[in-house]
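S.K.: My questions will all concern the structure given below.
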Amino acid sequence: MTARSPAVNAATPRLPSVDKLLHTPALQALQQQYGTSSTTDAVRQVLEGLRPALRDGSLHADQVTETALVQATAQRLTERFAPRLRSVFNLTGTVLHTNLGRALLPQEAVDAVVEALTTPANLEYDLDTGGRGDRDDLVEQLVCELTGAEAATIVNNNAAAVLLALSTLAAGQEVVVSRGELVEIGGAFRIPDIMKRAGCQLVEVGTTNRTHAKDYAEAVTDATALLMKVHTSNYAVMGFTKSVSDAEVTAMAHERGLSMLVDLGSGTLVDLRQWGLPHEVTVRETVEAGADIVTFSGDKLLGGPQAGIIVGRKDLIAKIKKNPMKRALRVGKLTLAALEPTLRLYLHPEKLAERLTTLRLFTRPPADMQAQAEALRPQLQDVLGDAWVVETAAMHSQIGSGALPVDNLPSWGLKLYPASGKQAGRQLTQLEARLRALPRPVIGRLHDDALWLDLRCLEAPAQPQFEQQLHALR
Ligand SMILES: *Cc1c(COP(=O)(O)O)cnc(C)c1O
């Protein structure tokens with residue numbers, strides 16, 4: 001301040017003051033919409049943003065119109081008030097895409113969540129006695145009916161379920177797991193780390209590709225609490241392999257007076273083969289094989305909200321529920337509100353593929369996607385112009401979230417690649433960015449020097465919205 005001569009200041013045209021701008025009709029309107037303090041902040045930031053250019057002489061105050069300042073302020077406010085969590089089109093071909101929020105929920109769940117959000121509910125209130133209830137009671141019976149288990153409890157996600165089960169049943173003791181099952185799930189869920197956090201000693205047996213019954217048998221000591229099987233959800237060990245079945249490991253555990261814990265990962269409630277999908281071991285099969293505790297996710301194959309479901313022996317579930325960690329890992333009412341109607345859909349298996357969104361997506365006939373691809377191809381070609389080749393193409397979707405990693409679902413979609421091979425990689429990443437910049441971002445998949453848009457997850461009701469925003473690509 002002191003360095004600046006007053007003469008220069010007087011001669012320099014000045015930007016309008018914050019106060020003056022706030023009294024203009026345009027900013028009065030913005031204040032109505034966004035509030036005075038946010039609007040004031042935004043004006044200040046706009047003016048601040050201009051100061052470096054004014055100072056170094058690249059901009060003169062008389063070049064700055066009031067209209068431009070108002071526009072910049074409105075722009076800032078729009079951005080600030082725009083939601084950060086936004087709908088996208090998932091055309092990646094991965095149905096249960098962890099980064100895009102995994103399972104899409106059925107309408108029944110949506111309605112129940114809205115109701116739970118806006119009205120008081122008997123979350124922990126026993127309507128028969130008027131006394132305190134247990135939130136698990138809302139779904140426990142349904143879960144037991146669908147899995148054949150004696151008891152169940154619900155936590156925040158399957159990682160929490162595994163952590164809680166291990167910490168309750170084996171803290172300070174040893175847990176025997178095959179080396180072929182020491183999985184890492186995206187987002188830093190690793191069996192060895194979870195063991196450590198749960199206070200258990202991991203005892204690895206067998207080798208990466210082969211584990212035998214005797215490996216388990218030899219690993220058991222006085223310090224062993226559990227034998228554990230982990231579903232190798234996101235990879236497959238192929239070739240010269242050997243693993244021991246859940247039933248066999250369970251039998252060994254029980255012979256030695258130990259408990260058997262199975263982390264199923266996806267854990268489907270139904271045999272997917274009835275819809276022509278690959279077989280994934282069900283929770284019921286695992287319970288019937290004798291597992292004492294089984295954990296699985298709510299938002300993978302089950303098609304519900306993010307949750308970890310723990311089922312199994314009544315005495316062990318009771319112990320798990322008494323662990324103080326349960327309180328920290330429990331679910332909120334929104335989760336339970338969404339989970340209950342989702343589970344109830346399973347009581348009517350004939351309609352499941354129609355009503356359970358994820359299963360409907362898994363089972364969409366390829367001919368549907370092919371017809372969509374044919375309808376959309378000319379529209380995309382038109383907006384992208386001659387610089388791009390747009391083709392309909394058969395492709396393969398994935399179930400995702402580690403479920404059935406090597407099984408593909410035949411699908412159809414669009415394959416986009418530059419007409420000229422010059423800097424094809426750069427052109428493709430630029431096109432990806434243009435699609436991401438659409439009002440509802442479109443997320444595809446780069447593969448084989450092309451951008452693939454798998455239409456499996458673009459169901460008919462969403463197609464008009466997809467088409468209407470395409471013009472913005474021009
Ligand atoms: C996905 C998965 C988890 C983690 O489940 P979240 O619900 O994502 O916490 C744990 N174990 C296995 C085997 C899994 O597949």
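S.K.: What share of Cα pairs, in percent, lie more than 18 angstrom apart in the stretch 176-306?
M.R.: For the stretch 176-306, the share of Cα pairs beyond 18 Å comes to 55 percent.
S.K.: Translational D (Stokes-Einstein, µm²/s) of the stretch 107-355 at 10 °C and 1.306 mPa s when Rh comes from the Kirkwood sum over C-alpha pairs?
M.R.: It comes out at roughly 85 µm²/s.
S.K.: Additional query: What figure, in Å² to the nearest 10, do you get for the accessible area of VAL287 with a 1.4 Å probe and non-protein molecules left out?
M.R.: The value for VAL287 is about 30 Å².
S.K.: Calculate the length of the line joining the C-alpha centroid of the stretch 333-392 to that of the stretch 240-273, in whole Å.
M.R.: Cα centroid to Cα centroid, the span is 33 Å.
S.K.: Right, another one. Quickly work out the ALA236-to-SER58 label distance, labels modelled 7 Å from Cα along the C-beta direction, and quote it in nm with one decimal.
M.R.: So the label points at SER58 and ALA236 sit 5.6 nm apart.
S.K.: Here is a further query. If DNA, RNA and ligands are ignored and the probe is 1.4 Å, what is the ranking of TYR417, TYR346, TYR34 by accessible area, most exposed first?
M.R.: The ordering from most to least exposed comes out as TYR417, TYR34, TYR346.
S.K.: Using the heavy atoms of the protein chains alone and a 1.4 angstrom probe, what is the accessible area of the chain per residue in square angstrom?
M.R.: Solvent-accessible surface per residue comes out at 49 Å².
S.K.: Put one equal scatterer on each alpha carbon of the stretch 284-351, apply the Debye formula with no solvent term, and list log10 I(q)/I(0) at q = 0.13, 0.19 1/Å to two decimals.
M.R.: -0.44, -0.91
S.K.: I would also like to ask the following. Given R₀ = 41 Å, what would the calculated FRET efficiency be for GLU124 paired with PHE81, taking r from the Cβ atoms and rounding to 0.05?
M.R.: 0.70
S.K.: Separate question: Once the Cα gyration tensor of the stretch 78-130 is diagonalised, what are the square roots of 5 times its eigenvalues, in whole Å and ordered largest first, as equivalent ellipsoid semi-axes?
M.R.: Whole-Å semi-axes of the equivalent ellipsoid: 32, 18, 9.
S.K.: Then there is this: Which whole number of Å³ per residue matches the convex hull of the alpha-carbon atoms in the stretch 18-81?
M.R.: Once divided by residue count, the hull of the stretch 18-81 is 76 Å³.
S.K.: Roughly speaking, to the nearest percent, how much of the chain's 1.4 Å accessible area is carbon and sulfur?
M.R.: 51
S.K.: Looking at the chain, what % of its DSSP beta bridges pair antiparallel, to the nearest 5?
M.R.: Roughly 60 percent of the DSSP beta bridges within the chain come out antiparallel.
S.K.: Not counting ligands, DNA or RNA, and with a 1.4 Å probe, what is SER167's accessible surface area in Å² rounded to the nearest 10?
M.R.: Surface open to solvent at SER167 totals about 20 Å².
S.K.: Between the stretch 121-191 and the stretch 431-474, how far is it from one alpha carbon centroid to the other, in angstrom?
M.R.: That distance is 38 Å.
S.K.: How far is it, in nm, from the label point at MET325 to the one at GLU248 when both lie 7 Å from their Cα along the line to the Cβ?
M.R.: Here the answer is 3.0 nm between the modelled labels.
S.K.: Using protein chains only and a probe of 1.4 angstrom, how many square angstrom of ASP263 are accessible, to the nearest 10?
M.R.: 10
S.K.: I've got another one for you. Cα-based Rg (one decimal) and Dmax (whole number) for the chain, in Å?
M.R.: So, for the chain, Rg and Dmax equal 28.7, 95 Å respectively.
S.K.: Report the label-to-label distance for LYS214 and GLU288 in nanometres (one decimal), using points 7 Å from each Cα along the Cα→Cβ vector.
M.R.: Going by the 7 Å Cα→Cβ label model, 3.2 nm.
S.K.: Continuing with the same structure: Lysines near LYS214 by alpha-carbon distance under 20 Å, same-chain residues fewer than 8 away left out - which ones?
M.R.: Cα-Cα hits under 20 Å: LYS229, LYS242.
S.K.: Counting other Cβ atoms within 10 Å, keep those with at most 11, restrict to DSSP loop, and tell me which trypsin sites (Lys or Arg not before Pro) in the stretch 343-452 are left.
M.R.: Taking the stretch 343-452 and a limit of 11 other Cβ atoms within 10 Å, the loop trypsin sites (Lys or Arg not before Pro) found are LYS422.
The values are calculated or read from the model by the stated rules, or taken from the named source; none is laboratory data. Not measured: the values here are computed from a predicted model. Positions of Cβ are generated from backbone atoms using ideal geometry, with glycine treated the same way; all protein chains shown enter the neighbour counts. Ligands, DNA and RNA are excluded from the accessible area calculation, which covers all protein heavy atoms including side chains. Shrake-Rupley method; radii C 1.70, N 1.55, O 1.52, S 1.80 Å.
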